[in-house]
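See structure below.
The values are calculated or read from the model by the stated rules, or taken from the named source; none is laboratory data. If you're wondering where the values come from, they're calculated on a predicted model, not measured in any experiment. Virtual Cβ from ideal backbone geometry, glycine too; neighbours counted across all protein chains shown. SASA here: full protein model, heavy atoms, side chains in, ligands and nucleic acids out. Shrake-Rupley method; radii C 1.70, N 1.55, O 1.52, S 1.80 Å.
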Amino acid sequence: MSSKAAPILPGATLGILGGGQLGRMFTIAARTMGYTVMVLDPDPASPAGQMADVHLEAGYADAAALARLGQACAAVTTEFENVPAASLVALARHCRVAPGADAVAVAQDRSHEKSWLARQGFATAPFALVYGEGDLDAALAEVGTPALLKVARFGYDGKGQARVGSKNEARAAFREFGEQPCVLEGYIALEREISVVLARDDAGECALFPVAENRHADGILDVSLAPARVPDALAIEAREMARAVADALGYVGVMAVEFFVTGGRLLINEIAPRPHNSGHYTLDACVTDQFEQQVRALCNLPLGDTRLLSPVAMVNILGDRWRNGGPHWDALLAHPNVKLHLYGKAEPRPGRKMGHFNVLDADPAAALALAERLRDVL
Ligand code: AMP
């Protein structure tokens, strides 16, 4: 698409596929701006369903539910990459759909994503595709050890990933994953991990949020900091690469690009065709947050100002915090510069993302120090 269609204004109905926390924060942003929101998610207790005007409790491939969603909505988006591409195509017969099925399809399969990135000339960790046990020898020879074996589809937050140091370990991991298609990746000595969330509109205009620096624990995002503690030149390069990825995809909507920093260089780790956990800092620290931006891009509105108003540290709150008498909300809420966001999930399972908090401070080191202290006492 090269020119912009007419804007979809408040009062219209917007739809979202997926009722998790990302869908919830989209729903809140859209309703705040005066839109009606319809959520499609099979879970009757879904975080977004609780906030929506209408919750369609049905699967993502349910033809009748998709038709109802498409007929009721002026535009539909998605909160996760595993939505069937055919569902997006079916919806597009009724209404505007952004991002499109092609862009989502690239990001929903690691083997497609890595191959696409390599074809487009973007630097990634060395990788090889593994479709059967017979591919493991050549793959290990190509990427070396240690390596990470990752399932191509439906892996998230470090799930479906195993670090392997030998052929035997790789074989065992492949079998443990049920011999499904995988990507073997060289293990990178990470100096830092950073990410860029951006929005791109129909006309190809991009609005990029400041670069976030991310720390993971057990494969799950733990803390994000903005601005990232990287040289300006590297931050500029990351934003340029993220924009180039969005341009090459012809992307419309909000997306994120995650990077590894190694030897002072950037490698692309992953693309997310949706708002991203590492962009939750924007909720309290930027003029426009990533969910309002998702509404704006979906509705053909001018993209919002992405300016960072204050240094910020974001901490994820996992279900593990519910053990040992926690969480101690009083300790968190005692601080006037801490902003709490909970997702309305009833069951606090270990590793489950229950919420997050943002700590704002003019001094980035103080924001990080308080964030870490509160994470430990929570
Ligand atoms: P992913 O789900 O692929 O984003 O992986 C989750 C986390 O695991 C990343 O954010 C990194 O901290 C770590 N990781 C993933 N791939 C690699 C790699 N090739 N080398 C080193 N660490 C990695």
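If you go through the range 267-288 one residue at a time, how many are open to solvent by 10 Å² or more (accessible area, probe 1.4 Å) and under 10 Å from SER224 (Cβ atoms)?
Total meeting the criteria: 2.
So that you can scan it fast, the table gives a plain yes or no per residue for (1) in contact with a strand residue (DSSP E or B) (Cβ under 7 Å, 6 or more places away or on another chain); (2) at negative phi; (3) surrounded by fewer than 20 Cβ atoms within 10 Å (Cβ to Cβ):
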| site | (1), (2), (3) |
| --- | --- |
| GLU292 | no, yes, no |
| PRO302 | no, yes, yes |
| LEU308 | yes, yes, yes |
| MET314 | yes, yes, no |
| ILE317 | yes, yes, no |
| ASN324 | no, no, yes |
| VAL338 | yes, yes, no |
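Out of (1) part of a loop (DSSP other than H, G, I, E, B); (2) under 16 Å from the mean Cα position of the chain (by Cα); (3) not hydroxyl-bearing (Ser, Thr, Tyr), what's the single condition that is false for LYS345?
The single condition LYS345 does not satisfy is (2).
Name the residues in the range 56-103 that are assigned to a loop (DSSP other than H, G, I, E, B) and of a type in the set (Asp, Glu), would you? Show your work before the answer.
First, the residues of the range 56-103 that are assigned to a loop (DSSP other than H, G, I, E, B): 57-62, 73-74, 79-84, 93-95, 98-100.
Scanning the range 56-103 gives GLU57, ASP62, GLU79, GLU81.
From the list GLY178, GLY134, exactly one residue is in a loop (DSSP other than H, G, I, E, B), farther than 28 Å from THR306 by Cβ and open to solvent by 40 Å² or more (accessible area, probe 1.4 Å). Which is it?
On the way: GLY134 fails: in a loop (DSSP other than H, G, I, E, B).
Testing whether each residue is in a loop (DSSP other than H, G, I, E, B), farther than 28 Å from THR306 by Cβ and open to solvent by 40 Å² or more (accessible area, probe 1.4 Å) leaves just GLY178.
Taking the range 80-121 as the search range and keeping residues that are open to solvent by 20 Å² or more (accessible area, probe 1.4 Å) and within 21 Å of MET25 (Cα to Cα), which one is nearest to the ligand (Cβ to nearest atom)?
GLU81
Only one of LYS159, LYS150 is out of contact with any His (no Cβ under 9 Å at 6 or more places or on another chain) and in a loop (DSSP other than H, G, I, E, B); which?
Values: LYS150 fails: in a loop (DSSP other than H, G, I, E, B).
Of LYS159, LYS150, the one residue that is out of contact with any His (no Cβ under 9 Å at 6 or more places or on another chain) and in a loop (DSSP other than H, G, I, E, B) is LYS159.
How many residues does the range 122-131 hold that are within 11 Å of the ligand (Cβ to nearest atom) and either assigned to a loop (DSSP other than H, G, I, E, B) or free of Cβ contacts under 8 Å to residues at least 12 places away in the same chain (or both)? If you could, list the steps in order and put the result at the bottom.
Going residue by residue through the range 122-131, those that are within 11 Å of the ligand (Cβ to nearest atom) are 124-127.
Narrowing the set further to residues that are either assigned to a loop (DSSP other than H, G, I, E, B) or free of Cβ contacts under 8 Å to residues at least 12 places away in the same chain (or both) leaves 124-126.
So the answer is 3.
Out of (1) within 25 Å of SER46 (Cα to Cα); (2) at pLDDT below 95, what's the single condition that is false for ASN324?
All conditions pass for ASN324, except number (1).
Can you tell me which condition ALA61 does not meet? The list is (1) surrounded by fewer than 17 Cβ atoms within 10 Å (Cβ to Cβ); (2) touching a strand residue (DSSP E or B) at 6+ places or on another chain (Cβ under 9 Å); (3) over 23 Å from ALA246 (Cα atoms); (4) hydrophobic (A, V, I, L, M, F, W, C), and all the others hold.
Just one mismatch for ALA61, condition (2).
Which pairs turn up if I take residues in the range 148-159 that are more than 13 Å from GLY219 (Cβ to Cβ) and look for partners that are within 7 Å of the ligand (Cβ to nearest atom) and modelled with pLDDT of 95 or more with beta carbon separation below 7 Å, at least 6 apart in sequence or on another chain?
none
Looking at the range 255-263, is at least one residue of a type outside the set (Lys, Arg), within 21 Å of MET25 (Cβ to Cβ), more than 15 Å from the ligand (Cβ to nearest atom) and modelled with pLDDT of 95 or more? Can you show your working first?
Residues of the range 255-263 of a type outside the set (Lys, Arg): 255-263.
Applying the additional criterion that residues be within 21 Å of MET25 (Cβ to Cβ) yields 255-258.
Remaining after also requiring more than 15 Å from the ligand (Cβ to nearest atom): none.
No: zero hits.
For the list (1) assigned to a loop (DSSP other than H, G, I, E, B); (2) closer than 28 Å to LYS159 by Cβ; (3) in contact with a Phe, Trp or Tyr (Cβ under 6 Å, 6 or more places away or on another chain), I need the number of the one condition that GLY326 fails.
In the conditions (1) assigned to a loop (DSSP other than H, G, I, E, B); (2) closer than 28 Å to LYS159 by Cβ; (3) in contact with a Phe, Trp or Tyr (Cβ under 6 Å, 6 or more places away or on another chain), GLY326 misses (3) alone.
Scanning for something small (Gly, Ala, Ser) and in a loop (DSSP other than H, G, I, E, B), does the range 292-305 turn up at least one residue?
The first filter runs over the range 292-305 and keeps only residues small (Gly, Ala, Ser), leaving 297, 304.
Of the ones still in play, those that are also in a loop (DSSP other than H, G, I, E, B) are 304.
There is at least one residue in the range 292-305 that is small (Gly, Ala, Ser) and in a loop (DSSP other than H, G, I, E, B).
Determine the pairs where a residue that is assigned to a strand (DSSP E or B), located within the range 207-219, has a partner that is open to solvent by 10 Å² or more (accessible area, probe 1.4 Å) and near the ligand (Cβ under 9 Å from one of its atoms) with Cβ atoms under 6 Å apart, the partner being 6 or more residues away or on another chain.
Qualifying pairs under 6 Å: ASN214/GLU193; ASN214/LEU221.
Within the range 151-161, restricting attention to residues that are out of contact with any Asp or Glu (no Cβ under 7 Å at 6 or more places or on another chain) and within 11 Å of the ligand (Cβ to nearest atom), which residue is least open to solvent (accessible area, probe 1.4 Å)?
Taking the candidates together, the pick is VAL151.
Quick grid of which residues meet (1) within 9 Å of the ligand (Cβ to nearest atom); (2) under 30 Å from ALA207 (Cα atoms); (3) among the β-branched types (Val, Ile, Thr):
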{"site": "ASP135", "(1), (2), (3)": "no, no, no"}
{"site": "LEU140", "(1), (2), (3)": "no, no, no"}
{"site": "PRO146", "(1), (2), (3)": "yes, no, no"}
{"site": "LEU149", "(1), (2), (3)": "no, no, no"}
{"site": "GLY165", "(1), (2), (3)": "no, no, no"}
{"site": "ASN168", "(1), (2), (3)": "no, no, no"}
{"site": "ARG171", "(1), (2), (3)": "no, no, no"}
{"site": "TYR187", "(1), (2), (3)": "yes, no, no"}
{"site": "VAL196", "(1), (2), (3)": "no, yes, yes"}
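For the range 259-279, which residues satisfy the criterion of being more than 9 Å from the chain's Cα centre (by Cα) and either of a type in the set (Asp, Glu) or assigned to a strand (DSSP E or B) (or both)? Steps first, please.
Of the residues in the range 259-279, the ones more than 9 Å from the chain's Cα centre (by Cα) are 259-270.
PHE259, PHE260, VAL261, THR262, ARG265, LEU266, LEU267, ILE268, ASN269, GLU270 - these are the residues of the range 259-279 that are more than 9 Å from the chain's Cα centre (by Cα) and either of a type in the set (Asp, Glu) or assigned to a strand (DSSP E or B) (or both).
May I ask you to list the residues in the range 202-251 that are away from the ligand (no atom under 16 Å from the Cβ) and open to solvent by less than 10 Å² (accessible area, probe 1.4 Å)?
Answer for the range 202-251, where residues must be away from the ligand (no atom under 16 Å from the Cβ) and open to solvent by less than 10 Å² (accessible area, probe 1.4 Å): ASP202, PHE209, ALA226, ALA246, TYR251.
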